[in-house]
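The values are calculated or read from the model by the stated rules, or taken from the named source; none is laboratory data. Just so you know, these numbers come straight off a predicted model, no measurement behind them. Here the Cβ positions follow ideal geometry from the backbone for every residue, glycine too, while neighbour counts run over all protein chains shown.
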Amino acid sequence: SGVLHKGNFDVEMAIDIILEVGLGKLDGVMIISGDSDFAYLADVLHKKFRKKVYVVSSNKFLSWELRSRADRVFILKIH
């Protein structure tokens, strides 16, 4: 009907990840995004759960906030 609904998928994904980590189902987390919104998730995974955080992104879209919190960054080469 012409109404635009914005999904808040990063919040939903973060909650799902925390739930899975809390249940002991994940050894580490790979975030395939460069969005700085995931920097806080990385902080929580490190500090509260002692989990490794890996980030996959392109240099163009990788925020410095997320890059600085990743245990390792994998850069995609986009041609």
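Of all residues in the stretch 56-72, which are of a type in the set (A, V, I, L, M, F, W, C) and either surrounded by fewer than 16 Cβ atoms within 10 Å (Cβ to Cβ) or touching a helix residue (DSSP H, G or I) at 6+ places or on another chain (Cβ under 6 Å) (or both)? Can you show your working first?
Initially, the stretch 56-72 is screened for residues of a type in the set (A, V, I, L, M, F, W, C), giving 56, 61-62, 64, 66, 70.
Hits for the stretch 56-72 are 61, 64, 66.
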Original post:
Looking at residue 77, is it at pLDDT below 90, charged (D, E, K, R) and assigned to a loop (DSSP other than H, G, I, E, B)?
Top reply: no
Original post:
Does residue 56 satisfy the condition of being within 13 Å of the chain's Cα centre (by Cα) and in a strand (DSSP E or B)?
Top reply: yes
Original post:
residue 32 versus (1) exposed (fewer than 13 other Cβ atoms within 10 Å of the Cβ); (2) more than 11 Å from the chain's Cα centre (by Cα): which is the lone unmet condition?
Top reply: (2)
